[in-house]
Structures are given as structure tokens and as C-alpha cells.
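Asks: Could you have a look at this structure, given as C-alpha cells, before my questions?
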Protein chains: 2
Amino acid sequence: MSEEPDGGLPESIELAWGLRERPGKGPKRALSLKGIIDAAVRIGSAEGLEAVSMSRVAAEAGASTMALYRYVPSKNALLSLMLDEVMGGPPRLPGPEEGWRAALSAWVWALRATMRRNPWLLRAPITGPPIMPNNVRWMEAGLRAMRGMGLDGGARISLIILLSNYVRSEVRMTHELATAFQEASTSESEVVRGYGAMLTALTDPGRFPELHAILEDGVFEGAVGTPDDDFVFGLETLLDGLEALVRRGGAPDA
Amino acid sequence: MSEEPDGGLPESIELAWGLRERPGKGPKRALSLKGIIDAAVRIGSAEGLEAVSMSRVAAEAGASTMALYRYVPSKNALLSLMLDEVMGGPPRLPGPEEGWRAALSAWVWALRATMRRNPWLLRAPITGPPIMPNNVRWMEAGLRAMRGMGLDGGARISLIILLSNYVRSEVRMTHELATAFQEASTSESEVVRGYGAMLTALTDPGRFPELHAILEDGVFEGAVGTPDDDFVFGLETLLDGLEALVRRGGAPDA
DNA sequence: CGTTACTGTGTATGGCATACGCGGTACTGC
DNA sequence: GCAGTACCGCGTATGCCATACACAGTAACG
């Protein structure tokens with residue numbers, strides 16, 4: 001699974017970084033790694049993550065199932081490569097000279113926009129720390145945005161992970177809600193209303209007083225606003241917290 | 001998948017809330033829902049989530065594979081039930097009278113402790129809003145801790161989700177790191193060091209100046225502290241942000 | 001006491017990732 | 001030019017999985 005056949009690195013990582021040399025000994029390759037990844041992404045975009053099987057991808061790429069394994073060591077590796085390609089690199093972002101808050105906020109929003117482009121891929125069972133190329137590029141961009149916060153390296157890394165996870169959770173949850181109402185062929189607010197109705201039916205006010213107070217306020221009945229509202233709420237909370245942190249301990253730079 | 005056979009609720013949810021009546025017409029049941037769930041949890045605890053298959057669970061419970069389907073509509077439903085049982089209800093927590101920050105912090109720590117008891121289950125592909133019994137109990141407890149913050153219902157719900165996702169991400173990531181070094185049969189700091197070495201090998205300082213500055217600081221080389229440190233960092237940041245929100249005047253709008 | 005609804009279970013289906021080995025191909029060194 | 005060799009695409013096979021379906025046995029109900 002995680003062999004070290006060449007430079008001491010797992011195969012899928014070397015693939016992603018383009019470190020795999022092809023000595024050109026055998027016949028010409030009929031496919032390309034990028035072509036396979038694109039085919040897989042096409043299927044996932046159209047039919048969801050669960051439709052991405054090796055045979056489906058092979059058919060889409062115009063080859064036999066087993067041919068894929070000449071390019072990719074396993075399906076999980078393919079998923080990782082898909083995720084990294086789909087993420088792309090970070091766009092040009094405002095530098096830290098305009099204030100870290102604006103810079104970091106822009107980074108977070110850009111990351112969210114990127115993830116929202118292929119939210120289904122966030123359901124992939126991918127594991128491990130950021131090591132794929134575009135992932136590392138995003139990390140670099142985030143670190144850059146944090147200049148002037150006076151945080152040490154460890155804190156900055158923690159913060160990258162914290163913010164990434166926040167964005168990831170939000171995008172994934174929003175996407176799942178959207179998927180749910182798509183399957184139920186109702187509107188989004190209908191799904192939310194249904195959720196409120198379930199809660200009302202299942203819980204009694206005696207045991208769940210706080211919840212029922214909220215239910216009676218009609219939280220799940222009115223308009224649900226833009227999905228952005230919740231995202232803004234969480235993000236601004238985080239940034240406010242960071243502001244407090246910086247004010248408390250902030251040396252200008254390390 | 002999500003039928004409404006009885007009271008207009010999906011079957012797995014009714015099962016979890018114990019709303020399923022058994023008319024007692026046929027032969028006595030040889031198994032019990034709880035017994036099946038426990039067997040499944042036993043397997044997962046011992047061998048990980050991927051070892052939880054219907055046939056393994058059936059063997060552990062002392063029945064044939066198909067017998068399980070008399071108790072549970074699908075494997076996904078079983079996973080949901082497992083998650084809810086394993087979570088349990090929230091413990092007794094300090095009330096909001098000692099200040100919302102202490103109360104909410106205690107809630108978060110308790111949630112983390114609970115999730116850390118069975119972190120492998122967080123990898124299950126479960127979807128949807130909190131609707132299972134213990135899940136709702138945790139929600140109620142969280143809402144209670146937020147009394148006195150002056151937030152409206154929508155904000156409180158958002159906050160529950162925000163904090164839950166934070167805890168979930170942290171526990172899951174920590175668990176994955178632990179699993180990684182368990183598989184590599186090295187120490188945890190060795191895995192972190194290996195990660196740093198990979199980054200150093202794959203990136204050049206020209207393209208990744210910020211990252212390299214951090215790498216040269218030896219962030220991934222020294223002691224990694226308690227895993228609690230990162231958790232505290234994120235949590236306190238969030239709480240500081242909430243403090244700012246509350247001080248500013250609480251509810252953003254209605 | 002027959003009817004009926006529910007029980008556990010054996011078998012079958014269709015899908016999946018992937019190990020293995022084959023015949024063919026294009027470059028390498030002579 | 002020619003063997004050797006390393007790689008190509010792919011057919012086949014293995015073993016796992018969730019689950020649909022049918023069947024025979026069982027216990028309550030009328």
C-alpha cells in the first residue's frame with residue numbers, strides 16, 4: 001500500500017508530484033495519468049462519488065479496467081489524485097500588507113469556493129496530512145496570509161488545519177443538505193422544515209426544554225437565509241478569536 | 001432506503017428512538033437490536049471500521065448474515081445506530097449559572113472525551129443532521145450551556161454544529177495520525193518527523209518560502225507536545241471569538 | 001384449529017478492488 | 001540487425017461485499 005520503491009516516498013505522492021520517471025522501454029502508453037483523473041472526475045461530477053469505480057473510470061477513459069493499474073497503484077491513490085487536481089492551486093490573493101485579517105479571510109473564502117466546485121469529492125475516505133502538491137500550495141498561501149500575526153510555526157500550522165477543517169465541514173454539510181432535498185425532490189427549506197417536524201415529533205418539552213423553546217421560535221420553519229450566513233457566522237467568530245489572540249500575544253513577526 | 005412505513009419517519013430513526021412495535025405474532029426473536037449493535041461495536045473497536053461487515057457482525061452475534069436484516073434495514077442504518085449508542089448521552093455538566101464560557105467549554109471537552117472513546121466510528125460515512133436520540137441529547141445539553149449568551153435560536157444551532165464539527169475533525173485527525181504510526185510501527189513523533197522530511201524533499205524554498213521558514217524552525221522535528229495543545233488552541237480561539245460576539249451585543253438579528 | 005404474520009436462514013445476484021499471467025511492443029546494448 | 005528486456009494493455013479469476021428472494025418452521029389470533 002505505502003511502498004517506497006524509488007525515492008523513499010509513497011507511490012501516490014510521487015505520482016502527484018510528477019516524480020515518476022517512465023524509462024520509455026516498452027510500448028507507448030495509450031493513456032495518461034491526467035486523462036484518467038479527468039475521466040474519474042467527470043464521472044464523479046455527473047453521478048456522485050459512489051459511481052466512481054475502476055471499471056466505470058476505465059470505460060470512460062476508453063480502456064480496460066486493469067489498464068488503470070499501470071498508471072495508478074490503487075483506487076485510493078486515484079481518489080487522492082482526483083482531489084488534488086480538482087482543488088487546483090490557490091488564486092492570486094491579497095497580500096498580508098493589507099492586514100492579516102483581510103488576507104486570511106480572502107484565503108478562507110477562496111478555499112471554500114474551490115471546495116464548493118466539487119463538493120462530492122469531500123466524501124472520499126482520504127486520510128493523512130496535506131502532502132499533495134496543490135494542497136501544499138494552499139498551505140503556503142495560507143501561511144503567507146498569516147504574516148504579521150506574530151504566531152510561531154506550530155500555531156500557524158495548527159491554524160491552517162483548523163480553518164481547512166472548518167471550511168471542509170461546512171461545504172460538506174451544505175452539500176449533503178442539497179443532496180438530500182434533491183433526492184427527496186423537494187425544496188431545501190422543505191427539508192429543513194421536515195427536520196424540525198421530526199424533532200418536534202420525537203422529543204417532548206419536558207426532557208428537551210431548550211430545544212423546544214427553539215422549535216417554538218420556528219427556527220426551522222422560516223426562511224433559512226443564504227447558506228453563506230452560517231459560514232460567515234463561524235468564520236467571523238474564528239477571526240474575532242484570532243484577533244484576541246494576536247492582541248494578547250502578538251509580537252509583529254518571528 | 002428512507003421509507004416511511006409507520007409514523008412517517010425513516011425506519012432507522014424509529015428504531016433508534018425505540019418506536020418500533022413488535023406485534024408478537026411470529027416466533028420469539030433470538031437476537032436483540034442492542035445485541036447486534038454491541039457485537040458490531042465490539043468488532044469495530046477491535047479491528048477497525050473496515051472489519052465491520054454484515055457477515056462478521058452476524059457471526060459475532062451468533063446468527064446468520066441475513067438474520068440481521070430482520071432487525072436493521074441496512075448496514076448504513078446499523079452504522080448510525082452504532083454511532084448513537086457509542087456516543088451515549090452527555091454527562092452531568094456545570095450549568096450556565098457559572099458563566100456560559102465554563103459551561104460551553106465543559107460541554108465541548110465532554111463531547112471530545114466521548115468521541116475519543118470510539119474514534120474509529122467517526123470514519124463511518126454517516127450523513128444528515130442530528131436526529132438520533134443521544135445526538136439530540138447532546139444538542140440539548142449544548143443549548144443549555146449557551147444560556148445567557150443572548151443568541152437567538154438560529155445562532156445557537158449554528159454554534160452547536162460549528163463546535164461539533166470542530167471536535168469531530170480534531171478527534172478524527174488525531175486518530176488517523178495515531179493509526180498511521182501504529183501501522184508504521186514507529187512512534188508518533190517519528191511519523192510527524194517523516195512528514196516534515198517529505199515536505200522538505202518535495203518543496204523548494206523558492207516556491208514555498210513561508211513553508212520552508214517553518215520547516216527550518218524545526219516545527220516537525222521537536223516534541224509535538226500533548227495532542228491536547230492543538231485542541232486547546234482551537235477551542236480557546238473559538239471561545240474568544242464568541243466572547244467578542246457576546247460583548248458586541250449577541251444576536252446578529254432575528 | 002386453520003390462518004396469518006413473523007421468524008431464521010440458504011441461496012443467488014450483481015458489484016467491487018485487485019492479483020496474476022499472457023502475448024505483444026519498443027527501446028537497449030551488442 | 002538482432003537478441004534481451006522492461007514495459008504495455010488486457011482477460012481471467014479470486015474473494016469479498018450488501019442485499020433480494022423464497023422457503024420452512026413457529027406462535028399468537030380468530
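Asks: Compute the label zone of residue A:213 within the stretch B:96-112: residues whose backbone N is under 12 Å from the point 7 Å along Cα-to-Cβ.
Replies: B:96-97
Asks: How large is the convex hull of the C-alpha atoms of the stretch B:15-82 per residue, in Å³?
Replies: So the per-residue hull volume is 79 Å³.
Asks: Can you give the net charge of the other residues whose Cβ lies under 14 Å from the Cβ of residue A:133, counting K and R as +1 and D and E as -1?
Replies: Charge balance near residue A:133 sits at -1.
Asks: Follow-up question, since we're still on this one. Once you keep just the Cα pairs under 8 angstrom separated by 6 or more residues, what percentage relative contact order results for chain B?
Replies: 16 percent
Asks: With everything on Cα atoms, drop me the angle between helix B:188-202 and the longest principal axis of chain B, reported from 0 to 90° to the nearest 10.
Replies: Around 60 degrees separate the two axes.
Asks: Also, I was wondering about something else. Along the charge dipole of the stretch A:1-131, pointing to its positive end and built from +1/-1 on Cβ of Lys, Arg, Asp and Glu, which listed residue (A:114, A:129, A:94) has its Cα farthest out?
Replies: My answer, from the dipole projection, is A:114.
Asks: Identify the residue of chain A whose Cβ lies closest to the rotation axis that maps chain A onto chain B, and give that distance in whole Å.
Replies: A:241, 2
Asks: Here's another thing I want to ask about it. Please report B:38, A:204 as a ranked list, fewest other C-beta atoms within 10 angstrom at the top and most at the bottom.
Replies: A:204, B:38
Asks: Hey, another quick one. What are the principal axis extents of the Cα atoms in chain B, in Å, biggest first?
Replies: Its Cα atoms span 73, 50, 31 Å along the three principal axes.
Asks: Sticking with this structure for a sec: In nm, one decimal, shortest first: how far is the label point of residue A:248 (7 Å from Cα along Cα to beta carbon) from the matching points in the other copies?
Replies: Shortest to longest, the spacings are 1.9 nm.
Asks: Provide the three semi-axes, in whole Å and in decreasing order, of the ellipsoid equivalent to the protein assembly as shown as defined by the square roots of 5 times the Cα gyration tensor eigenvalues.
Replies: Equivalent ellipsoid of the protein assembly as shown: 37, 33, 22 Å, largest first.
Asks: Quick one: helix B:33-47 against the long Cα principal axis of chain B, what's the angle to the nearest 10°, folded into 0 to 90?
Replies: For B:33-47 against chain B, the angle is about 40 degrees.
Asks: Given R₀ = 30 Å, what would the calculated FRET efficiency be for residue A:188 paired with residue B:182, taking r from the Cβ atoms and rounding to 0.05?
Replies: 0.10
Asks: If the viscosity is 1.306 mPa s and the temperature 10 °C, what Stokes-Einstein diffusion coefficient in µm²/s follows for the stretch B:137-242 when Rh is the Kirkwood radius over Cα pairs?
Replies: Value of D from the Cα-based Kirkwood radius: 95 µm²/s.
Asks: Taking each residue in A:235-246, count the Cβ atoms of any other chain within 10 Å of its Cβ, then average. What number comes out?
Replies: 6
Asks: Also, quick follow-up: In debye to the nearest 20, how big a dipole does the stretch B:174-227 give about its Cα centre with +1 on each Lys and Arg Cβ and -1 on each Asp and Glu Cβ?
Replies: Around 60 debye, computed over the stretch B:174-227.
Asks: Looking at chain B, identify the longest residue range that excludes and avoids all trypsin sites (Lys or Arg not before Pro) in DSSP loops having at most 11 other Cβ atoms within 10 Å.
Replies: Within chain B, the longest run free of exposed trypsin sites (Lys or Arg not before Pro) spans B:93-206.
Asks: Further question on the same structure: What does the net charge come to around residue A:180 if you take all other residues with beta carbon closer than 11 Å to its beta carbon, with K and R at +1 and D and E at -1?
Replies: Value of the local net charge: -4.
Asks: Now, a different point. Label position 7 Å from Cα toward Cβ: report the copy-to-copy distances for residue A:69 in nm, one decimal, ordered from shortest.
Replies: 3.0
Asks: Treating the beta-carbon of each Lys and Arg as +1 and of each Asp and Glu as -1, no other charges, what is the dipole magnitude of chain A about its Cα centre, to the nearest 20 debye?
Replies: It works out to roughly 1260 debye.
Asks: Here's another thing I want to ask about it. Compute, for the stretch B:11-87, the length of the dipole vector about the Cα centre, with Cβ point charges of +1 (Lys, Arg) and -1 (Asp, Glu) only. Units Debye, rounded to 20.
Replies: Computed about the Cα centre, the dipole is about 440 debye.
Asks: Can you list, shortest first in nanometers, how far residue B:117 lies from the same residue in the other copies, with each label 7 Å from Cα toward Cβ?
Replies: Once sorted, the set of distances for residue B:117 reads 4.3 nm.
Asks: Taking the Cα atoms only, what angle lies between the long axis of helix B:100-117 and the longest principal axis of chain B, rounded to 10 degrees?
Replies: 70 degrees
No value in this document is a laboratory result; all are computed from the given coordinates. This is a predicted model, so every value here is computed, not measured. Here Cβ is always computed from backbone atoms with ideal geometry, including for glycine, and neighbour counts include all displayed protein chains.
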